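The values are calculated or read from the model by the stated rules, or taken from the named source; none is laboratory data. No experiment lies behind these values; they were computed from the predicted model shown. No Cβ is skipped: glycine too gets one built from the backbone with ideal geometry, and neighbour counts run over all protein chains shown. Side chains included, ligands, DNA and RNA excluded: accessible areas come from the protein's heavy atoms. Shrake-Rupley method; radii C 1.70, N 1.55, O 1.52, S 1.80 Å.
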Amino acid sequence: MKISELSRKTGASVRSIRHYEKKNLITAVRLQNNYREFDESAVKRIRNIQLYLGLGLTTEQIEEILKCEDNGPDDYEFCEEMLETYQEKMDHINRQISTLDVVKQRLERQILQMMDKRRMKETELEIPLVKKRNN
């Protein structure tokens, strides 16, 4: 199938498919007119690539995982490289969560401080009004 048909079947842009090919994630046969020709397995392959990209993996990490898939179902069920990649990604995400939690706490403190200042200002404005009414 041509690249445009592969794009239509997978939802991946033609540009993305070319990028995947450049990164050795998929392969195509070049016809005499230099057009790319993909076989039906490219549809599943691109869907897997999209899944892994959705997990936040890099194309280099995806390439390692796809090598496991290429080795067959027995090796794919437990591929050491996949486990390591997933563990590294999980560690990275946990570090990001920790960092974001610190930032969140700082923002919460800033918000509370600013709200306290606003209340103080509002209170200061109310006092002169009360005095004027009493006079």
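Here's the yes/no breakdown for (1) farther than 20 Å from residue 51 by Cβ; (2) modelled with pLDDT of 85 or more; (3) not basic (Lys, Arg):
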position	(1), (2), (3)
83	no, no, yes
86	no, yes, yes
115	yes, yes, yes
118	yes, yes, no
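Name the residues in segment 97-123 that are open to solvent by less than 90 Å² (accessible area, probe 1.4 Å) and either within 30 Å of residue 57 (Cβ to Cβ) or touching a helix residue (DSSP H, G or I) at 6+ places or on another chain (Cβ under 8 Å) (or both), would you?
Listed by number, the residues that qualify are 98, 99, 101, 102, 103, 105.
Return only the number of the condition from (1) among the basic types (Lys, Arg); (2) closer than 24 Å to residue 1 by Cβ; (3) surrounded by 12 or more Cβ atoms within 10 Å (Cβ to Cβ) that residue 44 does not satisfy.
Unmet condition: (3).
Under the condition of being open to solvent by 30 Å² or more (accessible area, probe 1.4 Å) and not charged (D, E, K, R), which residue from segment 1-27 is nearest to the chain's Cα centre (by Cα)?
So the residue we want is 16.
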